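Everything on this sheet refers to the single structure shown next.
None of the figures in this text is laboratory data; all of them are computed from the coordinates on show. All values reported here derive from a predicted model rather than from experimental measurement. Reconstructed Cβ throughout: ideal geometry from the backbone, glycine too, with neighbour counts over all protein chains shown.
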Amino acid sequence: MDRSLLLLSFLLLAAAGGHAASSPQLYWHSVLPNTPMPKAISNLLSPDVFADEKAGTSVNVGKGGVNVNAGKGKPGGTTVGVNRGGVGVYVGGGRGKPGGTSVGVGHGGVRVNTRYPKKKPVVVNVKPGNSPFDYNYAATETQLHDDPNVALFFLEKDLRPGAKMNLHFTETTSGATFLPRQEADSIPFSSSKLPAILDRFSIESDSVEAEAMKKTLNECEQPAVGGEKKYCATSLESMVEFSTSSLGTHDVKAISTEVEKEGTPAQPYTIRASGVRRMAGTELVACHPENYAYAVFYCHATTATRAYTVEMVGKDGTQVEAVAVCHTDTKAWNPKHLAFQVLKVKPGTVPVCHFLPQDHVVWSRSS
């Protein structure tokens, strides 16, 4: 009997461990059984993202952005490559050997991924200016000239089969992942607690990472633009709860832009015949990744939008199924927002549209 009880206890512990390891996926399928998980979310649930490996060091300089991944250990050799995407530098050992750091600097911004022994990787993506998807803010000169998101804004009248647009679809590959909800909820998320947050993640207070996190906290604490609800989700579960409660149903779609090839350059795209399909309703929730030490999404719910999926093909043959959102009421936006300066229109005059980068998510009712 004792042996049977011991075996039963072992099996229960094993089952509990397996449940914990896959809890984000189990949670998703239990709450949203009819909703496929988009890549923008599944990419943040990698099972090995918290492994304590010692990575190598690479530097990428180009329009894609800046990526910094700093680790511990002895560096290996150095390789420098120059191509159309920019300049790449890799410093690290061979497979299985300890390495160091990865950095990328360019027009897209700066991304930092620092690994500390026995701690989760700290990832902060630093881009020039405020988020173009937060409509309270005016565009900076740097954004107007250097932000690749400039090309993503367009007018709804241009969303038609055969139309050509110059676009650059980007994907964040910084490595910032969702924390388990219990852990995320235990960490303060307030600008008043920033020193304690930085200390928890071993981030220097005068670093670019700290400045990026401070900006994210400040943006999350700003009131929502008129006609919207906003929420900064610090876990997968909190994102799902905000989105489904805002839409009033669990019968939802969650989609993100998908590009056939990785690392596609800025190029002309043509909208396919019958390639524009409107999503259900005028209410949706859009969630945009923020610059932080772990995955945080700025989500906002609005009732004055139209969303579309758009099939396009690039000049190089790349197939794209993009998500486009058109805002029909922009009266409350900052009159110097990036969209108005790019499109040469005024707030509240015409619908303003934008495509979403690959790491953003749009939620809508299924029907």
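Structure data summary
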quantity: Nonlocal amide H pairs with Leu167, under 5 Å, H built at 1.01 Å; calculated: Gln267, Tyr269
quantity: Loop-resident sites, region 162-238, for GluC sites (Glu not before Pro), counting at most 14 other Cβ within 10 Å (DSSP); calculated: Glu204
quantity: Sum of side-chain charges, Ser23 neighbourhood, beta-carbon under 11 Å (Lys, Arg +1; Asp, Glu -1); calculated: 0
quantity: Added length on full extension, which subtracts the Cα-Cα distance from 0.36 nm per residue, Arg160 to Arg272; calculated: 39.5 nm
quantity: Prolate/oblate/rounded label for region 236-281 (Cα gyration tensor, a/c 1.5); calculated: oblate
